[in-house]
Each structure stands twice: as C-alpha cells, then as structure tokens.
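J.: Here's a structure for you.
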Amino acid sequence: MRVVIQRVTEASVTIGPSIAGEIGPGLLIFLGVGREDTAEDGRWLAEKIAKLRIFPDADGNMNRSLLDTGGQALVVSQFTLHARTRKGTRPSFNDAAPPAVAAPLYDTFKTQLQTALGNRPVAAGEFGAMMAVRLLNDGPVTIIIDTKQKD
C-alpha cells in the first residue's frame, strides 16, 4: 500500500453535489492499494499513521501524533499512486490492485485506522467514485509511505 499523507487544518471530499467526508485539523490520507497488498499491510500502515509524529509541540517541533492531538483523519482511495511512468508519457496502472481486491482492503484499512486511533471515527471518500478533494495544507507537511519499503 502507498499513502500520501497531508497534514491539514481542514479537508473534505465531495461526490457530485454531496460532501462524503470532511474533517478539521488532522490528516488527509490518499491510499493506493497494490496488487500484492494484504490486510497486514493495512494494519501496519494504520498503526504507523496513528503514531506518526508530524504535529508541532509547544516548541514548534514535530513531536506529536494524531493520537496525541486528537486530530481527525480523512481517507481517500487513489489507485493512481501506483502509476508507472518509466516508458512514454501515458502512465501504466498495472501495479494497482483490481477493484475486486482493492475495495475490500480499502474498507479494511479504514477500520484498522479507526481502531489504531482508539475507535475515533474516520471520514472517507467512496472507493471508485469520481471525487473532488479540497484541503488546506498545514505546514505544508506531506509524507509518503510505502508498505513495501519499511526499512
């Protein structure tokens, strides 16, 4: 699994005319599921994100986590995180898991993140939907994590 995490002061995802999910201060998490990903990848990633110290402490140092701050999380599926761009100018998405595999892992990840956050609600988009995402990046702080590169 790959994620792009952005620390935000607010974020929302809209599908058509309706807001599917919105948060105040916290993390916007774009999640891409790869062909070889498993629920164990999701569990590891959820725990990592919940404990990731990227929020400022009283001295302005990044020493606080989502757990520490009580911040919110918004998860948006994004298969394009597995784009291959080595050849030509049209990305290949062959490394992304097919929807029948990716959708259940996306749903499982949301539950795993909720558990890692002490059962706080996790806002989300809708798997496979065309979505409009709005965010106010805080910092800006943007972190990329790939479960296949845990070293």
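The values are calculated or read from the model by the stated rules, or taken from the named source; none is laboratory data. Bear in mind the structure is a predicted one, so any value in this text is a computation, not a measurement. In this analysis, Cβ positions are derived from the backbone assuming ideal geometry, glycine residues included, and neighbour counts consider all displayed protein chains.
J.: With modelled with pLDDT under 95 and either under 18 Å from PHE127 (Cα atoms) or among the charged types (D, E, K, R) (or both) as the only criterion, which of ASP95, ASP59, ASP37 stands out?
T.: Numbers: ASP59 fails: modelled with pLDDT under 95; ASP37 fails: modelled with pLDDT under 95.
One residue alone meets the criteria, ASP95.
J.: If the Cβ limit is 6 Å and pairs must be 6+ apart or interchain, which residue in segment 15-29 that is crowded, with 17+ Cβ neighbours inside 10 Å pairs with which residue that is polar (S, T, N, Q) and modelled with pLDDT of 95 or more?
T.: ILE23/GLN72; PRO25/THR9; GLY26/GLN72; LEU28/GLN6
J.: Name the residue, out of GLY128, GLY118, that is farther than 19 Å from VAL33 by Cα and not acidic (Asp, Glu). Please lay out each step first, then the result.
T.: Numbers: GLY128 fails: farther than 19 Å from VAL33 by Cα.
Result of the check over GLY128, GLY118: GLY118.
J.: Give me a count of the residues in segment 61-83 that are in contact (Cβ under 8 Å) with a residue 12 or more places away in the chain and basic (Lys, Arg).
T.: 0
J.: For the list (1) within 14 Å of THR147 (Cα to Cα); (2) in contact with a Gly (Cβ under 6 Å, 6 or more places away or on another chain), I need the number of the one condition that PRO25 fails.
T.: The single condition PRO25 does not satisfy is (1).
J.: Out of everything in segment 128-138 that is at pLDDT 95 or above and either in a helix (DSSP H, G or I) or not aliphatic (A, V, I, L, M) (or both), what residue ends up being nearest to ALA11 (Cα to Cα)?
T.: ARG134
J.: Surrounded by 15 or more Cβ atoms within 10 Å (Cβ to Cβ), touching a Pro at 6+ places or on another chain (Cβ under 9 Å) and more than 12 Å from ALA46 (Cβ to Cβ): does that describe ASP146? Spell out the reasoning first.
T.: On the way: surrounded by 15 or more Cβ atoms within 10 Å (Cβ to Cβ): yes; touching a Pro at 6+ places or on another chain (Cβ under 9 Å): no; more than 12 Å from ALA46 (Cβ to Cβ): yes.
Here the answer is no, as ASP146 does not meet what is asked.
J.: What residue, among those in segment 98-122 that are surrounded by 21 or more Cβ atoms within 10 Å (Cβ to Cβ) and in contact (Cβ under 8 Å) with a residue 60 or more places away in the chain, is farthest from VAL13 (Cα to Cα)?
T.: ALA116
J.: Give, as residue ranges, the strands (runs of 3 or more DSSP E) completely inside segment 1-69 that count at least 3 residues that are not hydrophobic (A, V, I, L, M, F, W, C). Break it down into steps so the answer makes sense when it comes.
T.: Values: elements: 2-15, 18-23, 26-32, 62-64.
Output list reads 2-15, 18-23.
J.: On to the next question. Which of the residues that make up segment 70-86 are under 20 Å from GLY21 (Cα atoms) and either in a loop (DSSP other than H, G, I, E, B) or not small (Gly, Ala, Ser) (or both)?
T.: GLY70, GLY71, GLN72, LEU74, VAL75, VAL76, GLN78, PHE79 - these are the residues of segment 70-86 that are under 20 Å from GLY21 (Cα atoms) and either in a loop (DSSP other than H, G, I, E, B) or not small (Gly, Ala, Ser) (or both).
J.: Among the numbered criteria (1) within 30 Å of VAL101 (Cβ to Cβ); (2) free of Cβ contacts under 8 Å to residues at least 60 places away in the same chain; (3) among the aliphatic types (A, V, I, L, M), which one does ALA58 miss?
T.: The number of the failed condition is (1).
J.: Among the residues of segment 87-127, how many are more than 18 Å from LYS51 (Cα to Cα), in a helix (DSSP H, G or I) and of a type in the set (Ser, Thr, Tyr)?
T.: The total comes to 2.
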